[in-house]
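The values are calculated or read from the model by the stated rules, or taken from the named source; none is laboratory data. Please read all numbers here as calculations on a predicted model, not as lab measurements. Heads up, the Cβs are rebuilt from the backbone with ideal geometry, glycines too, and the neighbour counts pull from every protein chain shown. Accessible surface is based on the protein model in full, side chains and every heavy atom, while ligands, DNA and RNA are left aside. Shrake-Rupley method; radii C 1.70, N 1.55, O 1.52, S 1.80 Å.
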Amino acid sequence: MKKLSFIFISLALSFLVTAQTPIDEQQLQQEAARIHRAVLTVDTHCDTPMRLSRGDWDIGVYHDPKDHRSGKIDLPRMQQGGLDAEFFAVFIGQRELTAEGYQRARELTEEIFTAIHGMCDQYHDMIELATMPEDAYWLKKAGKLACFIGIENGYPIGEDLSYIEKYYNMGARYITLCHTRNNQICDSSTDPDGPVHHGLSDFGKQVVREMNRLGMIVDVSHISDEAFFDVLENSEAPVIASHSNSRAICDNPRNLSDDMIIKLAENGGVLQMCLFSGYVLPSTANPEREAAFADLWAKYGDWSAIKSDSIRAIVREEYYQIQEKFPEKKATVKDLVDHIDHVVNLVGVEYVGIGTDFDGGGGLADCNDVSEMGNITLELVRRGYSEDDIRKIWGGNFMRVFQRVIKISKKFGN
């Protein structure tokens, strides 16, 4: 009898062990695909509007991902990749801090807004402008894509706070305070001339307060470390880093240090993981590629200074030719999820999301355009993240911040 009992217990334990062994690859892929379809997927940063505003590229038709002229995002590929909501960035390059510079920046800003609104009007059956968190959810249920708008670089505000409300009324729901150079609001993390304000300027502090009043999200990607801590000190609402990674894994000034990530979590904000390979893994030396690009910019000057559309088209084509001749070794989705793991282990799963930077340099070896977004979910499933965890990473965490920013704005009597 004891022998029979022993055999029964052994069989039971064997069954339990078998039941807990990893499912096979096909089942894993099916489960990842199911979760990817079920959750709201939000990408908080792409630069695709630069293509929209050119007028020679149609976002409503499918483009071959293998053709570098196709870009990283179009509406059919968004549907193919299961991306529900996209923040289309109104990107404005940094120029002189003069009345003339601000005026030109405002003209360009309105042109890009017009292009984004035009996309939504032309393809209303596929995508609609979204301005509130709940818009993304009902649009997903309706089988449509959600178009949110962010402004990358606060430069077009100039020194006039009223432009923040103007851009809010045009649909913008976050502003990245600066870009690669210092501006009138704050210092950049990558300005070769070093800091000017040593954080936020006095005007920058007013900008943060005005954004809090309106319910507009403050984006700390691109800003200097000093400016980052100034923002947290001056903002009454949680903030985001719309497209940045972990500096502990990839030591780049565009990424956030552990101290910064901890403070961001204490603020209730969220760090949106960027797919720009150089922010995921340290870049490997490629002297021929670097020399070719150096020659290109020496020949034509800084991109933001090129005003002729015909010259820009030539530069763009030469740029693509260099990319093809000297391809970079790209990071992978596994490398990206290492950053997610790091943030989760440091502060928890509630403080991380996705911000691809597609069409602004973003793209991994195995997630090189929007049609491959499901590969991120697949890797998360492989690593044991639950459906609830993945729901938070793909949009829930960002939407929590978005909702909190709006709630805090109510105290200003809006």
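Things worth noting here:
- Those helices (runs of 4 or more DSSP H) of segment 309-414 in which 2 or more residues are among the aromatic types (Phe, Trp, Tyr) occupy 309-325, 397-409.
- Check on GLU379, of a type in the set (Asp, Glu) and over 22 Å from ASP135 (Cα atoms): yes
- Evaluated against (1) in a helix (DSSP H, G or I); (2) touching a strand residue (DSSP E or B) at 6+ places or on another chain (Cβ under 7 Å), PRO76 falls short on exactly one condition, (2).
- Pairs are defined by a Cβ separation below 7 Å, a sequence spacing of at least 6 or placement on different chains, a first member in segment 308-336 that is of a type in the set (D, E, K, R), and a second member that is open to solvent by 70 Å² or more (accessible area, probe 1.4 Å) and assigned to a loop (DSSP other than H, G, I, E, B); the pairs so defined are LYS329/THR284.
- Cβ-Cβ contacts under 9 Å between residues 6 or more apart (or on different chains), taken from a first residue in segment 124-147 that is without any contact (Cβ under 8 Å) to a residue 40 or more places away in the chain to a second residue that is of a type in the set (S, T, N, Q), are listed as GLU134/GLN403.
- Residue count for segment 48-59, restricted to those that are open to solvent by 10 Å² or more (accessible area, probe 1.4 Å) and touching an Asp or Glu at 6+ places or on another chain (Cβ under 7 Å): 3.
- Filter result for the condition that a residue is modelled with pLDDT of 95 or more, under 23 Å from ALA89 (Cβ atoms) and open to solvent by 10 Å² or more (accessible area, probe 1.4 Å), over ASP219, ASP187, ASP202, ASP225: ASP225
- Selection from segment 166-184 of residues that are open to solvent by less than 10 Å² (accessible area, probe 1.4 Å), touching a helix residue (DSSP H, G or I) at 6+ places or on another chain (Cβ under 9 Å) and under 16 Å from ARG106 (Cα atoms): TYR167, GLY171, ALA172, ILE175, LEU177, CYS178, ASN183
- Pairs linking a residue in segment 22-44 that is among the aliphatic types (A, V, I, L, M) to a residue that is not in a helix (DSSP H, G or I), with Cβ atoms under 6 Å and 6 or more positions apart or on different chains, are LEU40/ASP84; VAL42/ALA85.
- Applying the criterion of being surrounded by fewer than 21 Cβ atoms within 10 Å (Cβ to Cβ) and part of a helix (DSSP H, G or I) to the residues of segment 136-162, the residue that is farthest from the chain's Cα centre (by Cα) is SER162.
- Residues of segment 205-216 satisfying the condition of being open to solvent by less than 50 Å² (accessible area, probe 1.4 Å) and either assigned to a helix (DSSP H, G or I) or not aliphatic (A, V, I, L, M) (or both): VAL207, VAL208, GLU210, MET211, ASN212, LEU214, GLY215
- Among the residues making up segment 86-103, a single one is open to solvent by 40 Å² or more (accessible area, probe 1.4 Å), assigned to a loop (DSSP other than H, G, I, E, B) and hydrophobic (A, V, I, L, M, F, W, C): LEU97.
- Residues located in segment 251-278, provided they are crowded, with 21+ Cβ neighbours inside 10 Å and touching a residue at least 40 places away in the same chain (Cβ under 8 Å): ARG254, ILE261, LEU264, GLY269, VAL270, LEU271, GLN272, MET273, CYS274, LEU275, PHE276, SER277
- Condition met for GLU233 (outside any loop (DSSP other than H, G, I, E, B), touching a Gly at 6+ places or on another chain (Cβ under 7 Å) and over 10 Å from LEU177 (Cβ atoms)): no
- Per-region count, segment 359-403, residues surrounded by fewer than 16 Cβ atoms within 10 Å (Cβ to Cβ) and under 30 Å from ARG213 (Cβ atoms): 1
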